[in-house]
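The values are calculated or read from the model by the stated rules, or taken from the named source; none is laboratory data. From a predicted model like this one, the values you see are computed outputs, not experimental measurements. Please note: Cβ atoms are built from the backbone with ideal geometry, for glycine as well, and neighbour counts cover all protein chains shown. For the accessible areas, the whole protein counts, side chains as well, though only heavy atoms, and no ligand, DNA or RNA atoms are used. Shrake-Rupley method; radii C 1.70, N 1.55, O 1.52, S 1.80 Å.
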Amino acid sequence: MNRETLKTLAWNGVWKQNTGLAQLLGLCPLLAISSNMVNAVMLATATLIVMALANVAVSLLRRWIPHEIRIPVFILIIAGLVTVVDLLFNAWFHGLYMVLGIFIPLITTNCIVLARVEAFAGKNPPLESTLDGIFMGVGLLWVLALLGALREFIAHGTFLGGIDLVIPGAEAFQILSEDYHGFLLASLPPGAFILLGCLIAAKNWLDERTSRIAASSPAPAHQHISQASGQI
């Protein structure tokens with residue numbers, strides 16, 4: 001795998017084909033569990049681990065999986081990995097595990113994981129498939145982290161609320177005054193919809209602005225020379 005392939009995989013996963021902002025997959029965790037940054041980051045981390053391991057497992061086994069039953073086999077592989085992650089969270093982060101609840105087992109049916117396994121890992125070598133799963137997971141991670149941080153700040157005026165569930169003894173940062181009564185809408189699913197729409201609009205604006213700048217920038221000198229030579 002060359003450097004250009006690596007850059008393409010990273011760019012597609014983190015930005016161009018971002019699962020939360022471009023493909024709009026996995027909206028259930030985006031809307032339900034992103035009420036604060038800690039919950040969002042930990043669920044996204046669990047999803048990232050499952051995506052990377054599922055991609056490499058499917059890529060290694062794809063030659064021996066009959067095409068007709070590939071989807072049930074993919075789901076079986078994902079379910080086994082999710083069970084392992086679920087048990088690890090229960091053992092290491094039991095308080096957080098109780099908060100996340102059903103959303104960890106639901107990674108099994110998350111269309112983000114199954115979509116990447118079907119669209120990429122089932123057709124590509126193990127290394128590229130692993131990196132694709134990692135970068136797609138990173139794309140989901142930063143969107144969930146940003147969405148969770150924004151919702152938590154607007155709703156409660158805090159940052160890293162619930163961090164004690166991950167790091168015992170740690171405390172959240174009270175950014176706004178303790179007299180701040182909060183904004184209830186931000187902590188509810190409609191608030192998540194609104195903020196997610198704002199993030200999508202910002203991404204589209206940045207993409208359009210970048211395209212306009214690229215189109216209006218002058219061509220390099222060697223291109224002008226080539227064009228002139230062709231005209232002659």
Please identify the longest segment of the chain free of exposed GluC sites (Glu not before Pro), where exposed means a DSSP state other than H, G, I, E or B and no more than 12 other Cβ atoms within 10 Å. 1-170
With the cut-off at 21 Å, report for region 3-226 the share of all Cα pairs above it, as a whole percent. 60 percent
Could you give the accessible area per residue of region 91-215, probe 1.4 Å, as a whole number in Å²? 54 Å²
FRET efficiency (Ile175, Ala91; Cβ distance; R0 25 Å; to 0.05) is 0.15
Rounded accessible area per residue of region 9-71, 1.4 Å, Å²: 43 Å²
In nm, the gap between the two label points placed 7 Å beyond Cα toward Cβ at Ile194 and Gln23 is 2.9 nm
Heavy-atom accessible surface of region 3-226: percent carbon and sulfur, 1.4 Å: 70 percent
Using a Gaussian network model of the chain whose springs link C-alpha atoms within less than 10 Å, name the residue from Leu88, Leu206, Leu30 with the highest mean-square fluctuation. Leu206
I need the phi-derived Karplus couplings for region 183-189: 6.51 cos²θ - 1.76 cosθ + 1.60, θ = phi - 60°, integer Hz, Gly and Pro marked x. 10, 4, 4, 5, 8, 9, x
